Amino acid sequence: MKRRILLVACLVGVCAAPLAAQTPRETKLYAQLALTPPMGWNSWNKFACNVSEQLIRETADAMVANGMRDAGYVYVNIDDCWQVSRDSLGFIQADPQRFPSGMKALADYVHSKGLKLGVYSDAGWRTCAGRPGTRGHEFQDAKSYAAWGVDYLKFDWCNTDNLNAHGAYQTMSAALRQAGRPIVFSLCEWGSNKAWTWAKDIGHLWRTTGDITARFEGTVDHGTWKSLSAMAILDLQQGLRQYAGPGHWNDPDMLEVGNGMKVNEDRAHFTMWSMLAAPLIAGNDIAHMTPETRAILTNTEVIAIDQDSLGVQGLQYSASDSVEIWFKPLANGDWAMTVLNRRTTPQRVVFDWKKQEVSDSLSGRATHFASTVYRLRDLWADKDVGSTSRPLAVEVPPQDVLALRLRRQK
Ligand code: GLA
């Protein structure tokens with residue numbers, strides 16, 4: 001009965017979206033949908049509006065053939081431009097030219113490959129690319145997505161006029177929960193309303209910044225808006241780590257690996273996203289990528305840092321002369337450590353473990369380097385490289401990383 005009242009209230013446009021309509025079991029299932037940061041692929045960074053069922057099928061096929069699925073990538077997400085109109089009853093329609101078999105058939109295909117399908121919409125009346133948005137159709141669209149077999153929704157924030165972000169995302173969250181299918185909810189309000197402060201129980205991930213672009217440093221000015229390099233986005237993550245954890249993640253935007261940066265830059269970008277426990281959503285043409293790009297995206301030891309079950313976002317331990325040292329506490333007492341060289345020249349780094357100590361009040365973990373010895377695993381060289389019993393002395397190439405897993409000796 002409660003649910004019927006909620007639905008009627010929402011249809012007449014006064015939806016307050018009380019989440020209490022869910023049973024405790026439903027609430028728990030929803031909360032458990034993203035216990036580690038979601039992994040997958042999204043069409044936008046490479047293909048923008050040029051999406052079709054053929055692209056999605058090819059991408060799903062490639063994810064199986066190239067080892068990405070086995071490395072943990074699950075979601076195949078169609079971003080903006082799959083939708084063209086609403087029918088006379090208000091139901092959202094996929095572009096019949098580009099998706100002639102329909103969304104249900106596409107979801108079935110993606111599921112048959114052991115993968116999951118994602119779609120995109122917008123809280124406003126139009127999406128960022130001018131397609132029909134969801135405003136006023138939240139419960140109806142959620143029902144359509146569930147009926148098609150959609151598993152993930154990215155929900156954008158263009159053309160929202162004076163909408164209240166918290167309320168708008170809460171309404172869509174309630175709609176998804178009532179649609180009768182577990183759907184990961186990805187908030188995309190670019191950090192304009194600090195979603196990290198209110199979205200923990202609304203969705204599973206929230207964008208923390210404006211859009212990424214395939215550059216290592218700097219920003220690109222488009223007049224009314226700016227797109228951000230990987231390092232510009234990294235700098236904007238300061239102060240956010242306490243908001244992330246199992247089930248709810250900071251999202252520094254989708255990956256640009258394979259979209260035009262140098263291999264070392266891609267490697268640094270991918271490593272830092274893993275240190276941030278960021279969602280790993282590839283954004284390149286994975287059906288036609290180079291072996292170097294593939295090797296980065298499928299480095300399972302780096303992915304394991306991102307996907308670590310403790311779910312603690314990494315911390316910047318030091319930053320000096322554009323050389324940054326980051327640590328991330330991992331389950332079972334291990335740590336990840338990354339030395340990031342942002343300079344365009346090689347940098348020699350000496351790290352005398354016995355004189356350093358990482359103490360993380362967020363996780364309550366400390367390295368105890370003075371009394372604990374860790375074995376060191378170089379995650380990109382794929383080899384063991386000694387232990388913390390001797391100081392680390394390395395040269396990190398320009399705009400690249402040294403990524404280590406510190407294994408506590410038993
Ligand atoms: C916004 C989002 C992007 C992408 C586009 C699609 O800019 O931030 O990630 O979804 O819209 O139009």
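Considering only the range 285-309, state which residues are assigned to a loop (DSSP other than H, G, I, E, B), within 20 Å of Trp44 (Cα to Cα) and not charged (D, E, K, R). Before you say what the answer is, go through the steps one by one.
First pass over the range 285-309, keeping only residues assigned to a loop (DSSP other than H, G, I, E, B): 285, 289-290, 298-299, 307-309.
Subsequent filtering for residues that are within 20 Å of Trp44 (Cα to Cα) retains 285, 289-290.
Within the range 285-309, Met289, Thr290 meet the criteria.
This table checks each residue for (1) outside the structural domain of Trp249 (by TED's automatic domain parsing); (2) charged (D, E, K, R); (3) touching a Pro at 6+ places or on another chain (Cβ under 9 Å).
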site	(1), (2), (3)
Gln32	no, no, yes
Trp44	no, no, no
Gln54	no, no, no
Ala60	no, no, no
Asp70	no, yes, no
Ala107	no, no, no
Leu115	no, no, no
Gly124	no, no, no
Cys128	no, no, no
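Please count how many residues of the range 108-130 are more than 14 Å from the ligand (Cβ to nearest atom) and either in contact (Cβ under 8 Å) with a residue 12 or more places away in the chain or among the acidic types (Asp, Glu) (or both).
We begin by selecting, within the range 108-130, every residue more than 14 Å from the ligand (Cβ to nearest atom); these are 108-117, 125.
Checking which are either in contact (Cβ under 8 Å) with a residue 12 or more places away in the chain or among the acidic types (Asp, Glu) (or both) leaves us with 108-111, 113-117, 125.
Qualifying residue count for the region: 10.
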Practice task
Would you point out the residue of the range 45-72, among those that are open to solvent by less than 10 Å² (accessible area, probe 1.4 Å) and of a type outside the set (Val, Ile, Thr), that is nearest to Leu117 (Cα to Cα)?
Solution key: Ala60
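Go through the range 191-207 and give me each residue that's open to solvent by 20 Å² or more (accessible area, probe 1.4 Å) and either within 13 Å of the ligand (Cβ to nearest atom) or free of Cβ contacts under 8 Å to residues at least 60 places away in the same chain (or both).
Across the range 191-207, the qualifying residues are Ser192, Asn193, Lys194, Trp196, Thr197, Trp198, Lys200.
Tally time: how many residues in the range 374-410 are loosely packed, with under 14 Cβ neighbours inside 10 Å and either under 12 Å from Glu301 (Cα atoms) or not basic (Lys, Arg) (or both)?
Going through the range 374-410, the residues loosely packed, with under 14 Cβ neighbours inside 10 Å turn out to be 381-386, 389-391, 393, 395, 409-410.
Add one more test, that the residue is either under 12 Å from Glu301 (Cα atoms) or not basic (Lys, Arg) (or both), and what stays is 381-386, 389, 391, 393, 395, 409.
Within the range 374-410, residues that are loosely packed, with under 14 Cβ neighbours inside 10 Å and either under 12 Å from Glu301 (Cα atoms) or not basic (Lys, Arg) (or both) number 11.
Looking at the range 353-371 only, could you name the residues that are more than 31 Å from the chain's Cα centre (by Cα) and open to solvent by 30 Å² or more (accessible area, probe 1.4 Å)? So that I can check it myself, show each step before the final result.
Narrowing the range 353-371 to residues more than 31 Å from the chain's Cα centre (by Cα): 353-356, 368-371.
Lys354, Lys355, Gln356, His368, Ala370, Ser371 - these are the residues of the range 353-371 that are more than 31 Å from the chain's Cα centre (by Cα) and open to solvent by 30 Å² or more (accessible area, probe 1.4 Å).
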Practice task
Being closer than 21 Å to Ala107 by Cβ, surrounded by fewer than 21 Cβ atoms within 10 Å (Cβ to Cβ) and within 16 Å of the ligand (Cβ to nearest atom) is the filter here, so list the residues in the range 131-190 that pass it.
Solution key: Arg131, Pro132
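Residues checked against (1) over 13 Å from the mean Cα position of the chain (by Cα); (2) within 16 Å of the ligand (Cβ to nearest atom):
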| position | (1), (2) |
| --- | --- |
| Asp211 | no, yes |
| Lys226 | yes, yes |
| Leu234 | yes, no |
| Gln242 | yes, no |
| Val263 | yes, no |
| Ala277 | no, no |
Problem - Residue match in the range 237-255 (condition: surrounded by 23 or more Cβ atoms within 10 Å (Cβ to Cβ) and charged (D, E, K, R)) - result: yes
Problem - Subset of the range 260-290 that is open to solvent by less than 20 Å² (accessible area, probe 1.4 Å) and of a type in the set (Val, Ile, Thr) - its residue that is farthest from Arg342 (Cα to Cα) - result: Ile286
Practice task
Could you list, in sequence order, all residues of the range 73-87 that are more than 16 Å from the ligand (Cβ to nearest atom) and open to solvent by less than 30 Å² (accessible area, probe 1.4 Å)?
Solution key: Tyr73
Practice task
Among the numbered conditions (1) surrounded by 17 or more Cβ atoms within 10 Å (Cβ to Cβ); (2) at pLDDT 95 or above; (3) away from the ligand (no atom under 16 Å from the Cβ), tell me where Tyr30 comes up short.
Solution key: (2)
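The values are calculated or read from the model by the stated rules, or taken from the named source; none is laboratory data. The shown structure was predicted, so the numbers you read here are calculated from the model rather than taken from an experiment. Cβ coordinates were reconstructed from backbone atoms using ideal geometry, including for glycine residues, and neighbour counts include every protein chain displayed. To get the accessible areas, we keep the full protein, side chains included, count just its heavy atoms, and leave off ligands, DNA and RNA. Shrake-Rupley method; radii C 1.70, N 1.55, O 1.52, S 1.80 Å.
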